[in-house]
Amino acid sequence: MAQVNPCDSVIHRSKFGVFWSDLPPLTVLASAPGWGKTIWMMQCAETVGDDKTEWVHGLHKLHKVVAEIEQLKGAPKDTVYLIDGIESALSENPALWEQILAIAEVGSVVVACYCVPVSIIPLATVLDERHLAFDRAELEQIAAHLVADSAVLDMFVLPESMRGCPWIVGRDVARIRARSTGYSRVISELSSSALCYKSFRDNPGFMESGAGRALVAAGGLPIVTEALLASVASDIDIRYCYARMSAWPVFDEVVDDESGEDALRWAPDAWKMMQETASKEEQRSVLEAGLRAEVDRGSILGEARALLMLGRLIEAERLAERRLRRLLLFASPDCARLLSETVSDFSNYPALAILFSEIQTWELGNTEATKARSLRAARSVAMRKATGLFDEFARASMVAFGAVSGGDRLLAGRFLDHVLELLGDFDPSSEDVDKDARQALSGQLYLSYWVAIQLDRHEDALTLANSIVTVGNPSDRIMPMERVCAATQMDLGGFTSLSGSKPPHPDDPISNAVALRDLEDADDQVAVSRLRAIINHPDPLPSRSAIDGLVLLVRGIADPQELLVSQVDAAVERSSFLWGGGGDSQQLCCPRCNGLLRQSRGTDQGL
């Protein structure tokens with residue numbers, strides 16, 4: 001079986017050619033192990049020429065060069081000093097940078113390191129993982145080297161020095177070879193992200209650096225936040241470290257919906273590798289640090305995730321009881337996976353059970369199993385006693401919501417009435433309610449608002465929507481959504497006039513019912529486009545009869561040829577199944593649906 005080391009042949013990094021021909025006084029190659037720093041230096045030396053370069057390997061050689069420069073009393077030299085092999089020493093002893101700066105005063109310096117102190121960054125040209133990553137042309141070049149004597153290789157081995165590049169190991173190069181030869185196999189059972197993480201962990205020097213410590217501390221959390229990086233890497237610039245880590249294959253760059261900020265999510269293979277290579281004590285330690293960071297930055301989802309991963313289910317249940325709305329809004333499928341892995345018996349954790357069922361519903365549809373779980377949870381909470389007003393709001397809203405999800409109209413209606421009674425005895429504008437309590441209460445009122453919509457109690461829905469706006473914190477990211485709910489309820493309830501009205505002020509929430517005004521003004525396509533986000537939603541909720549009815553009405557008037565029978569069926573059957581129908585679409589249990597659907601089901605012709 002033929003094997004080849006791609007570095008045995010020169011992989012020319014032509015994009016750095018201009019850079020090598022005019023080196024600045026100080027160039028820092030700051031990256032984790034395996035990003036081609038050695039290749040970069042070798043080709044720099046080849047470009048500059050042996051007579052003008054001097055290799056500085058290790059601390060002994062560094063001290064010797066500094067001593068020689070001191071003897072020359074700072075006389076400039078036309079020399080490029082290539083300093084490597086001291087990355088760990090630079091992390092442990094930042095004072096060594098003074099010696100490097102002294103060398104840079106008489107010649108050009110290229111130095112390899114793991115992290116750059118904040119004080120050095122303004123004085124240097126810094127190339128990190130984002131700059132050193134191999135581009136497409138270089139990948140093609142690497143693939144071309146994977147041929148020996150014109151024979152196709154069925155296996156290739158990548159050297160340790162190149163394993164950090166996310167687009168080399170085990171994926172893109174293999175894909176390039178497969179396109180030209182039809183097959184290719186990589187000598188590794190691990191993906192690029194897992195291999196890269198293992199390479200990091202096996203390098204003690206890197207793990208002692210600021211970026212390495214951030215990686216260790218981030219090890220127990222799926223989401224890496226700037227707050228977490230700040231807690232472990234206070235000696236380096238946080239945003240710089242964050243940007244570097246986003247280039248590593250162990251992370252996927254995402255947007256944290258809860259905060260609206262950029263975030264890093266662990267790649268699944270790297271996450272698995274972390275769990276395999278970290279000790280139990282280390283995992284626990286970083287999870288505790290991560291929990292503190294998530295609490296400090298106010299992430300409810302992050303706090304719940306950390307509690308689940310720590311096995312602190314009672315605390316996770318209490319958090320879900322108070323902040324169920326926020327968890328439902330921002331949770332993702334990986335949250336359902338985590339719940340299924342950590343909670344063996346949902347009967348003791350009804351709030352988590354409802355959360356789990358709702359996430360499964362988005363992914364798999366509203367099955368009998370998810371409905372039954374939600375209903376059991378609702379009935380369990382209904383038997384409890386609350387200790388205060390805010391606990392009673394949380395209890396009543398969760399019972400009503402769970403009952404709606406489980407299809408029990410009677411139970412949902414009883415506890416919706418109870419929420420409205422509590423609201424009647426409560427002053428939403430009271431200044432005695434702190435920020436956290438306001439956020440929690442507005443979320444509980446939203447769950448009750450959703451129940452009212454499902455039960456077709458639109459006047460109660462309007463009362464609740466207005467209360468959400470009054471109670472909620474204006475700075476909360478979800479408040480604009482709640483204001484839209486209130487404006488839409490007022491329009492649909494006939495409390496405002498849409499005909500002949502002027503366009504809303506830019507600062508006002510846009511009511512979904514404004515599409516009806518567009519129809520009045522003969523702006524049919526504008527009316528449809530205004531509801532496009534709802535129409536194109538990839539995972540429609542199990543039942544949203546009011547908004548579904550609005551969408552069907554607007555589309556039926558504005559563009560009936562594009563409204564398919566199957567789309568009407570889907571809207572009706574969502575509500576029908578929730579309240580005990582479903583299964584056989586010919587036998588709907590909802591009397592209001594009969595006559596709306598054609599008997600020729602299964603066709604996608606226009607209505």
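The values are calculated or read from the model by the stated rules, or taken from the named source; none is laboratory data. Owing to the predicted nature of the structure, the values given are computational and were not obtained by experimental measurement. In this analysis, Cβ positions are derived from the backbone assuming ideal geometry, glycine residues included, and neighbour counts consider all displayed protein chains. Keep in mind that these areas ignore ligands, DNA and RNA; they rest on the heavy atoms of the full protein, side chains included. Shrake-Rupley method; radii C 1.70, N 1.55, O 1.52, S 1.80 Å.
Annotations for the structure displayed:
- Distance in nm between pseudo-label sites at Ala102 and Ser279 (7 Å out along the Cβ direction from Cα): 3.9 nm
- In order through segment 512-517: 3J(HN,Hα) via Karplus (6.51 cos²θ - 1.76 cosθ + 1.60), integer Hz, x for Gly, Pro: 5, 6, 4, 4, 5, 5
- FRET efficiency for the pair Val295 and Asp50, taken as 1/(1 + (r/R0)^6) with r the Cβ-Cβ distance and R0 = 41 Å, rounds to 0.10.
- Förster radius 22 Å - calculated FRET efficiency between Asp334 and Ala369, Cβ distance, rounded to 0.05: 0.60
- Each Lys and Arg adds +1 at its Cβ and each Asp and Glu adds -1 at its Cβ; summed about the Cα centre, segment 213-329 shows a dipole of about 300 debye.
- Percent carbon-and-sulfur accessible area, segment 423-469, ignoring ligands, DNA and RNA, probe 1.4 Å: 41 percent
- Kirkwood hydrodynamic radius computed over segment 287-357 comes to 11.8 Å, based on all pairs of distinct alpha carbons.
- Surface composition of segment 256-326: carbon plus sulfur atoms contribute 45% of the solvent-accessible area (1.4 Å probe, protein chains only, all chains present).
- Rg then Dmax, both in Å and based on the Cα atoms of segment 362-457: 13.8, 44.
- Full-stretch length increase - Lys73, Glu92 - with 0.36 nm per residue and alpha-carbon distance subtracted: 4.0 nm
- Bridgeable aspartates and glutamates around Lys77 (alpha carbons under 17 Å apart, same-chain partners fewer than 8 residues away excluded): Asp22, Asp50, Asp51, Glu54, Glu68, Glu105.
- In this entry, segment 1-126 is assigned a mean projected area of 9.0 nm², taken as a quarter of its C-alpha convex hull surface.
- For the pair Ser566 and Glu253, label points projected 7 Å from Cα toward Cβ lie 3.7 nm apart.
- Accessible surface comparison of Lys371, Lys61, Lys52, probe 1.4 Å, protein chains only, largest first: the order is Lys52, Lys61, Lys371.
- Take every pair of alpha-carbon atoms less than 8 Å apart whose residues are at least six positions apart; their mean separation over the length of segment 251-312 yields a relative contact order of 24 percent.
- For segment 235-251, 3J(HN,Hα) computed residue by residue from phi via the Karplus equation (6.51, -1.76, 1.60; θ = phi - 60°) reads 8, 10, 5, 5, 5, 5, 4, 4, 5, 4, 5, 5, 8, 6, x, 7, 10 Hz, glycine and proline entered as x.
- Translational D in µm²/s for segment 187-243 (Stokes-Einstein at 4 °C, 1.567 mPa s, Kirkwood Rh from C-alpha pairs): 108 µm²/s
- Efficiency of FRET between His63 and Val18 - r from beta-carbon atoms, R0 35 angstrom, step 0.05: 0.60
- Pairs exceeding 30 Å between alpha-carbon atoms, taken from Lys272/Lys435; Lys37/Lys272; Lys272/Lys371; Lys371/Lys435; Lys15/Lys64: Lys272/Lys435; Lys272/Lys371; Lys371/Lys435; Lys15/Lys64.
- Backbone HN-Hα couplings from phi across segment 17-33 [Karplus 6.51/-1.76/1.60, Hz, Gly and Pro as x]: x, 5, 4, 5, 6, 9, 6, x, x, 9, 10, 10, 9, 9, 8, 5, x
- Between Asp135 and Glu520, the distance separating the two model label sites (each 7 Å from Cα on the Cα→Cβ line) works out to 5.7 nm.
- Long-range amide H partners of Ala267 with built H, under 5 Å: Phe251, Asp252
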